[in-house]
Structure formats: C-alpha cells, structure tokens
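Right, one structure below, let's go through it.
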Amino acid sequence: MKQVKIEDRLSVPEAGRPAPPSPSDGLGVGAILSLSFQALFANFFSFAALSFLAVSPLVLYSLSLSGDLSFMYGGTAGLGWQATFAAIFGLMLFTQIAYPAIAAGTLQYVTGRKIDFFAMLRAGLRFFLPALVIAILTSLGTSIGMLLFVVPGLILSVMWMVALPAAVAERLGPLQAIERSGDLTSGYRWPIFGIFLIEGG
C-alpha cells in the first residue's frame with residue numbers, strides 16, 4: 001500500500017480559510033505561527049479541553065496540597081512521595097494522549113475538514129504508544145546531544161520537532177517518524193529554531 005505523506009493530505013482549504021504555507025511560498029516563522037494561531041482560535045475549546053487533560057494530574061495534585069481534596073484521603077498529611085510520583089507519571093501519560101490528539105486536530109484544520117473533538121481523542125488514544133516511544137527516544141537523543149556542548153542537542157531538537165505530527169499524519173512508527181521529521185525539517189530549520197526560541201522564551 002502506498003504511504004500517504006503529509007504533502008498529499010494538504011488539500012485546497014474550504015472557502016474563507018487561508019491556505020496553509022507551502023515550500024513554494026516560503027516557510028517562515030510568521031507563516032507557521034499564523035497557521036498555528038488560526039487552528040487554535042478556530043477550535044479553542046477542543047484544544048483547551050485536551051490541554052487541560054494533559055495537565056489534569058498536576059491540577060489534582062495541587063488541589064490535594066491545598067487541602068481542597070483532603071476529604072478523599074483524610075488530610076494533607078496523607079500525601080507522600082507516592083502522590084508526587086503519581087502526579088508526574090499521570091502528566092507523562094496524559095500528555096502523550098493530548099499531543100497526538102492536538103496534532104490530529106490541526107491536521108483536520110489545515111486539510112479543510114471540520115475538527116471533531118471525539119475523533120481527536122480517538123487519535124490520541126490510538127497514537128499513545130508511538131507518541132510515548134517518540135518522546136522517550138527524542139528526549140534521550142537530545143539529552144545526550146546537550147551533554148556534547150549543547151549545540152548537537154539543539155540541532156537534534158529542531159530536526160525531530162515534527163516527529164509526532166509526522167507519525168499521526170502518515171501513520172508511521174516511532175523510528176520512521178523520527179527519520180521523516182529530519183526530512184521534513186530539512187531546509188526549514190532556522191525558522192523552526194526561531195519558533196523554538198519563541199516558545200522557550
């Protein structure tokens with residue numbers, strides 16, 4: 001079966017929606033940010049719900065520390081390292097559901113389809129394991145790169161920044177998605193690095 005690529009899935013958008021940036025138009029920081037904000041504000045509540053899902057373990061943990069949920073366990077004194085571990089572990093797991101779901105919703109937007117929240121959530125669950133493996137592999141790779149005088153880690157971070165969207169859009173496994181991300185970012189790494197700096201700032 002022929003592999004579907006991101007470029008093949010970008011169709012002419014519906015009336016009234018700006019076309020996504022293409023290589024022929026020039027892929028700059030402004031174009032990427034513009035498309036990101038268009039997708040966000042056009043479907044704010046869906047993306048906000050998924051973002052809240054990602055951080056919900058930390059929210060519950062914070063409420064527990066404040067005592068607002070003390071009735072569940074008999075007081076804040078009952079909190080220990082297990083609760084901290086559960087909150088961090090839950091954050092890691094829920095994030096790997098929310099990220100592919102948001103990637104799927106963004107893909108629906110730029111291909112001119114109406115965003116379906118439940119379709120996004122199903123995509124998040126479907127790509128949970130690939131997203132988790134991608135996160136582990138890219139984190140390990142960039143961490144090792146950071147130890148080698150920082151610059152290699154920054155280069156790898158930029159190269160692998162679209163590994164997860166590539167996995168969702170093209171139905172790729174983790175290693176294929178990481179390799180594909182290197183192909184997709186080739187020639188556009190300075191603009192992506194600019195976005196990396198903006199997000200970090």
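Data table
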{"read-out": "Residue list for segment 47-100, restricted to those being of a type in the set (Phe, Trp, Tyr) and either at pLDDT 85 or above or in contact with a helix residue (DSSP H, G or I) (Cβ under 7 Å, 6 or more places away or on another chain) (or both)", "value": "Phe47, Phe52, Tyr61, Phe89, Phe94, Tyr99"}
{"read-out": "Criterion (free of Cβ contacts under 8 Å to residues at least 40 places away in the same chain and in a helix (DSSP H, G or I)) met by exactly one of Phe193, Phe149", "value": "Phe193"}
{"read-out": "Qualifying positions in segment 173-188 - in contact with a helix residue (DSSP H, G or I) (Cβ under 7 Å, 6 or more places away or on another chain) and touching a residue at least 60 places away in the same chain (Cβ under 8 Å)", "value": "Leu184"}
{"read-out": "Flag for Ala31 being among the small types (Gly, Ala, Ser), surrounded by 15 or more Cβ atoms within 10 Å (Cβ to Cβ), at pLDDT 85 or above and closer than 23 Å to Ile195 by Cα", "value": "no"}
{"read-out": "In segment 155-178, residue farthest from Val133 (Cα to Cα) [restricted to those that are surrounded by fewer than 16 Cβ atoms within 10 Å (Cβ to Cβ) and not β-branched (Val, Ile, Thr)]", "value": "Arg171"}
{"read-out": "Selection status of Leu154, in contact with a Gly (Cβ under 8 Å, 6 or more places away or on another chain) and aliphatic (A, V, I, L, M)", "value": "yes"}
{"read-out": "Gln108 being crowded, with 21+ Cβ neighbours inside 10 Å, under 27 Å from Phe52 (Cβ atoms) and among the polar types (S, T, N, Q)", "value": "no"}
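The values are calculated or read from the model by the stated rules, or taken from the named source; none is laboratory data. None of these values were measured; they are calculated from a predicted model. Don't worry about glycine lacking a Cβ; one is built from the backbone with ideal geometry, like all the others, and counts go over all protein chains shown.
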